[in-house]
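The structure under discussion appears below in the form of structure tokens.
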Amino acid sequence: MTVDTGVVLAAGGGTRLRPMPHNRPKPMLPAANRPILEHVLDALVEAGISELVLVVGYKRDRVQDHVGPTYRGLPVEYVGQNKQLGSGHALLQAREVVSGPMLVVNGDRIIDQGMTRRVVEAFDGGTAISVVREHNPGRYGSVDVEGDRVVDLVENPDEPVFGFVNAGIYAFDAEVFDRLEATPRTDGELPITDTVLREVESSEGSVRAVEVEGLWADATYPWDLLYLTRRLLEEGRVRGTEQHPGIHVSPSARVHRTATLLPPVVVGDDCEVGAGAVVGPNVALGRNVTVGANATVVDSVVDTDTRVGIASTLVETVTGENVDLGAGTVVSGGPGDVTLDDRVFRDQDLGAVFADRVRTGGRVAADPGTLVGPGAYLHTGVTVSGRVGADAEVTR
């Protein structure tokens, strides 16, 4: 059965990734040197989708301004989810603009392009969901499969239940909207999986399981952005010209002849890497990033319009947009304890996060696991740890 429409659920705010999503939705956060959402859209295009529908909500203008009315020549339509009441509720918002079979994916999850193609090819009407061999069951739904059919599904189990997990790629016929409407809400929310499970229970053998392989991962926590970038760099899924194996540099970037790029690394459009700087391995520089002379950047994601001061050292660091780190800034890398919503995550591989518009003076140091909120200013010589709030000013 032909599937022409791709629906991307891109309305979420990504609260567990704060402070990064303070000014933009989760799908617009960086994975390598471009937003997560672009990787998702590419996977749909490669699957042969001919029209795109994006369900947007939190900071929707950031998505619409970036993607625009078309993506790689395909028309894009936007529908709004004003309240985030679950993935099923998000999909229902597309009812007025989708009339035929559809491929549904999450806008904040990196997926291998072959996965979407495999689901489209296997779809024969009704419902099909992608499954992969068991992986991290605490974060993904566990799926029981017999042959090529789903016989049970448990969302977010504490331990492995079945042999597969739900990879979050769905193919539906247009009647899915009626099935969603008929599904009882749980605490006011409607996950897609509740509707799928009702279909499994009411009509034996009606939901097809499509086993897929390849990269699939989402950014749930700040350190996940480092993992996604590392994987994308390994696979060469970046924007830039490969000058040497694993070294991708935009034609508009300027890299000083005495600078060193260590693969895998990507240097984005209009970047400048100064004399004696060392960038890489596992580093993505977004558009218009400046790395000062004799600075070292390792295992890091440096987003658009960010300046790394001379003689700085960044290890396992994530920056937002328009960040200015003064000369001699030092982030030594993890492991560190990271506090999110009053929960402490022990020994994470994260040096620090500097959210959008953070400014620092010279010789600032960040302890492992530090989260600095947007608009904060760190004065010269301070050492920060834990969480620094939005627009805070830290002095010695």
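The values are calculated or read from the model by the stated rules, or taken from the named source; none is laboratory data. Just so we're clear, the structure is a prediction, and the values are computed from it rather than from any experiment. Note: ideal-geometry Cβ built from the backbone for every residue, glycine included; neighbour counts use all protein chains shown. Please note that ligands, DNA and RNA were not included when accessible areas were found on the heavy atoms of the full protein model with its side chains. Shrake-Rupley method; radii C 1.70, N 1.55, O 1.52, S 1.80 Å.
Taking only DSSP H segments of four or more residues, each worth -39500 (n - 2.57), what value at 222 nm results for the chain once the sum is divided by all its residues, to the nearest 500 deg cm²/dmol?
Value at 222 nm, helices only: -4500 deg cm²/dmol.
So, with +1 on the Cβ of K and R and -1 on the Cβ of D and E, and no other charges, what is the size of the charge dipole of the range 1-114 about its Cα centre, to the nearest 20 debye?
It comes to approximately 620 debye.
Computed on alpha carbon atoms, what radius of gyration and Dmax characterise the chain, expressed in Å?
21.7, 67
Find which of Thr360, Tyr140, Ala376 sits farthest along the positive direction of the dipole of the chain, computed with +1 on the beta-carbon of Lys and Arg, -1 on that of Asp and Glu, about the Cα centre.
Positive-most Cα among the choices belongs to Thr360.
Note down the Stokes-Einstein diffusion coefficient of the range 320-396 in µm²/s, whole number, using a Kirkwood radius over alpha carbon pairs, 25 °C, and 0.890 mPa s.
Result for D is 203 µm²/s.
Please give the residues of the range 169-189, grouped as numeric ranges, whose backbone N is less than 20 Å from a label point set 7 Å along the Cα-to-Cβ vector of Lys83.
Inside the label zone: 180-189.
Please report, in whole Å, how far the alpha carbons of the range 33-109 spread along each principal axis, starting with the longest.
30, 29, 22 Å, listed from the longest principal axis down.
Take the alpha-carbon centre of the range 259-303, take the same for the range 377-396, and report the distance between them in whole Å.
Distance between centres, Cα-based: 25 Å.
Can you put Glu155, Glu213 in order of accessible area, largest first, using a 1.4 Å probe?
Ranking Glu155, Glu213 by accessible area, largest first, yields Glu213, Glu155.
Starting from 0 in steps of 5 Å, tell me what percent of the Cα-Cα pairs of the range 101-245 lands in each bin.
2, 9, 17, 21, 20, 13, 8, 5, 3, 1, 1, 0
Quote the charge dipole size of the chain about the Cα centre in Debye, to the nearest 20; the model charges only the Cβ of Lys and Arg (+1) and of Asp and Glu (-1).
1660
Would you please give the FRET efficiency between Thr339 and Asp65, computed as 1/(1 + (r/R0)^6) with r the Cβ-Cβ distance and R0 = 41 Å, to the nearest 0.05?
Efficiency for this residue pair is about 0.80.
With labels modelled as points extended 7 Å from the Cα through the Cβ direction, what inter-label distance (nm, one decimal) is found for Leu74 paired with Arg257?
4.5
Quick one: pull the percent of accessible area on the chain belonging to carbon and sulfur, 1.4 Å probe, ligands and nucleic acids left out.
Of the solvent-accessible surface of the chain, carbon and sulfur hold 43 percent.
Suppose all protein chains stay in the model; what accessible area per residue would a 1.4 Å probe give for the chain, in Å²?
Per-residue value: 40 Å².
So for the range 33-171, what are the equivalent ellipsoid semi-axes in whole Å, largest first, each being the square root of 5 times an eigenvalue of the Cα gyration tensor?
Taking √(5λ) for each Cα gyration eigenvalue gives 26, 17, 15 Å.
Can you give me the P(r) profile for the range 248-396? Cα pairs, bins 5 angstrom wide beginning at 0, each as a whole percent.
Once binned at 5 Å, the Cα pair distances of the range 248-396 give 3, 11, 20, 26, 19, 12, 7, 2, 0, 0.
For the range 193-258, calculate the relative contact order in percent as a whole number, restricting contacts to Cα pairs under 8 Å that are 6 or more residues apart.
The normalised contact order for the range 193-258 reaches 14 percent.
Name the shape class, rounded, prolate or oblate, that the alpha-carbon gyration tensor gives for the range 1-71, where a ≥ b ≥ c are the square roots of its eigenvalues, rounded holds for a/c under 1.5, and otherwise prolate holds if a/b is larger than b/c and oblate otherwise.
prolate
Gap in Å between the Cα centre of the range 173-242 and the Cα centre of the range 78-151?
4
Dividing the Cα radius of gyration by the Kirkwood radius, what Rg/Rh value follows for the range 185-280?
With Rg and the Kirkwood Rh in hand, the quotient comes to 1.27.
How would you classify the range 246-289 from its alpha-carbon gyration tensor, with a ≥ b ≥ c the square roots of the eigenvalues: rounded for a/c under 1.5, else prolate if a/b is greater than b/c, otherwise oblate?
oblate
Got a number for the accessible area of His244? Probe 1.4 Å, square angstrom, nearest 10.
Surface accessible to solvent at His244 totals approximately 110 Å².
Run the numbers on the range 304-396 and let me know its relative contact order in percent, using alpha-carbon pairs under 8 Å that are six or more apart.
Reported relative contact order: 23 percent.
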